[in-house]
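Let me begin by presenting the structure, written as structure tokens, before commenting on it.
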């Protein structure tokens, strides 16, 4: 807070003097705004430069402002500045791509990408990730192919986004092609790539291949375990889901809410309701997914009173149910809940 207060005072003094300052001072202040993540003071600084018709000698200052606005999700600030820039370089264009990708504005992302006079690997990575994150999987894979046709080598980051798109489409054929390229280029050196491969094979129904990759992984993290556990659940093998959870426990690894919600669902699928009860009681900080999994599980197994009791406890714990939680239970007759048909 001290740094932000001091920054505000310095910019206040600029306005009090009523005159333009030099490029070195503007540069220093823009960098301070970026470090502090202070969009408000950055906007005041931009306004001061515009008020005094100051034109930077290069794009550095404006690009730093663009990146700050993009990171903060301030689309209108970024777009207004971008449109006023007399010169734009690749960093300027990439900043706008980042702003639209972060906000999920897919049509704007497409438009900016198509208007770019030049692109680099960052441009392609940003667009591929932006499309994949919004389930525009076909578009993500089209840009992934164009990236290579244009002579840019995909990185680990690119392959993760492309594999996520294949997972969304359940496109095993293209997923295997990407896996082959990762092996040939020796790009599978980090957990993100391995996790994406494991997830792709599990979602596409090749659970044994997913488990083989999981076993080969040297740097497993909790995401790795969750992907394999959820993969077994998705592929109708709740028993193996539970076995893997026990293995995780033996190794002393701490599960998170995703792990627990999957294992709770597995217990209900195998009819081990008592085990689900025990696990649920051990969770100190229960999230909405855990509560909903238990409520749905109880209702599906004819334990309407337990579902009603748990729904009441959820409300008492100040966990707000979403529409799915509420629709999972409905009033059968006065005072009784049952699964909505």
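Of the residues in region 49-83, how many are more than 20 Å from residue 97 (Cα to Cα) and either surrounded by fewer than 17 Cβ atoms within 10 Å (Cβ to Cβ) or touching a strand residue (DSSP E or B) at 6+ places or on another chain (Cβ under 7 Å) (or both)?
Initially, region 49-83 is screened for residues more than 20 Å from residue 97 (Cα to Cα), giving 49-58.
Checking which are either surrounded by fewer than 17 Cβ atoms within 10 Å (Cβ to Cβ) or touching a strand residue (DSSP E or B) at 6+ places or on another chain (Cβ under 7 Å) (or both) leaves us with 50-55, 57-58.
Summing the residues that are more than 20 Å from residue 97 (Cα to Cα) and either surrounded by fewer than 17 Cβ atoms within 10 Å (Cβ to Cβ) or touching a strand residue (DSSP E or B) at 6+ places or on another chain (Cβ under 7 Å) (or both) in region 49-83 gives 8.
What tally of residues in region 301-312 results from selecting those that are buried (at least 18 other Cβ atoms within 10 Å of the Cβ) and in contact with a strand residue (DSSP E or B) (Cβ under 8 Å, 6 or more places away or on another chain)? Steps first, please.
Initially, region 301-312 is screened for residues buried (at least 18 other Cβ atoms within 10 Å of the Cβ), giving 306-308, 310-311.
Filter again for in contact with a strand residue (DSSP E or B) (Cβ under 8 Å, 6 or more places away or on another chain), leaving 307-308, 311.
Number satisfying all stated conditions: 3.
In this structure, is residue 144 farther than 18 Å from residue 111 by Cβ and buried (at least 18 other Cβ atoms within 10 Å of the Cβ)? Outline the logic, then answer.
Details: farther than 18 Å from residue 111 by Cβ: yes; buried (at least 18 other Cβ atoms within 10 Å of the Cβ): yes.
Here the answer is yes, as residue 144 does meet what is asked.
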Among (1) crowded, with 18+ Cβ neighbours inside 10 Å; (2) at pLDDT 95 or above; (3) over 27 Å from residue 71 (Cα atoms), which single condition is residue 182 missing?
-> (2)
If you check residue 118 against the conditions, is it assigned to a helix (DSSP H, G or I) and within 27 Å of residue 27 (Cα to Cα)?
-> no
Under 8 Å by Cβ, and 6 or more places apart or on different chains, what pairs join a residue from region 178-201 that is farther than 21 Å from residue 234 by Cβ with one that is at pLDDT below 90 and exposed (fewer than 13 other Cβ atoms within 10 Å of the Cβ)?
-> 190/219
Scope region 66-86; condition in a loop (DSSP other than H, G, I, E, B) and touching a helix residue (DSSP H, G or I) at 6+ places or on another chain (Cβ under 9 Å); matching residues = 72, 73, 74, 85
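Taking residue 63, is it within 35 Å of the chain's Cα centre (by Cα), assigned to a loop (DSSP other than H, G, I, E, B), closer than 20 Å to residue 95 by Cα and without any contact (Cβ under 8 Å) to a residue 60 or more places away in the chain?
On the way: within 35 Å of the chain's Cα centre (by Cα): yes; assigned to a loop (DSSP other than H, G, I, E, B): no; closer than 20 Å to residue 95 by Cα: yes; without any contact (Cβ under 8 Å) to a residue 60 or more places away in the chain: yes.
Answer is no for this residue.
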Only one of (1) within 27 Å of the chain's Cα centre (by Cα); (2) crowded, with 18+ Cβ neighbours inside 10 Å; (3) within 27 Å of residue 18 (Cβ to Cβ) fails for residue 46. Which number is that?
-> (1)
Residue list for region 144-156, restricted to those being within 15 Å of residue 175 (Cα to Cα) and either part of a helix (DSSP H, G or I) or modelled with pLDDT of 95 or more (or both) = 144, 145, 156
Residue check: is residue 28 at pLDDT 90 or above and either touching a strand residue (DSSP E or B) at 6+ places or on another chain (Cβ under 6 Å) or surrounded by 16 or more Cβ atoms within 10 Å (Cβ to Cβ) (or both)?
-> no
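Going by the structure shown, is residue 28 closer than 24 Å to residue 101 by Cβ, within 35 Å of the chain's Cα centre (by Cα) and in a helix (DSSP H, G or I)?
So residue 28 fails the test.
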Taking first residues from region 211-230 that are free of Cβ contacts under 8 Å to residues at least 24 places away in the same chain and on the phi < 0 side of the Ramachandran plot and second residues anywhere that are crowded, with 18+ Cβ neighbours inside 10 Å and not in a helix (DSSP H, G or I), the pairs with Cβ under 9 Å that are 6 or more apart or on different chains are 214/220
Answer yes or no: is there a residue in region 313-325 that is touching a helix residue (DSSP H, G or I) at 6+ places or on another chain (Cβ under 7 Å), at pLDDT 85 or above, part of a helix (DSSP H, G or I) and surrounded by 16 or more Cβ atoms within 10 Å (Cβ to Cβ).
-> yes
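The values are calculated or read from the model by the stated rules, or taken from the named source; none is laboratory data. None of the values given here were measured: they were computed from a predicted structure. Neighbour counts are summed over all protein chains in view; Cβ atoms, including those assigned to glycine, are modelled from backbone coordinates with ideal geometry.
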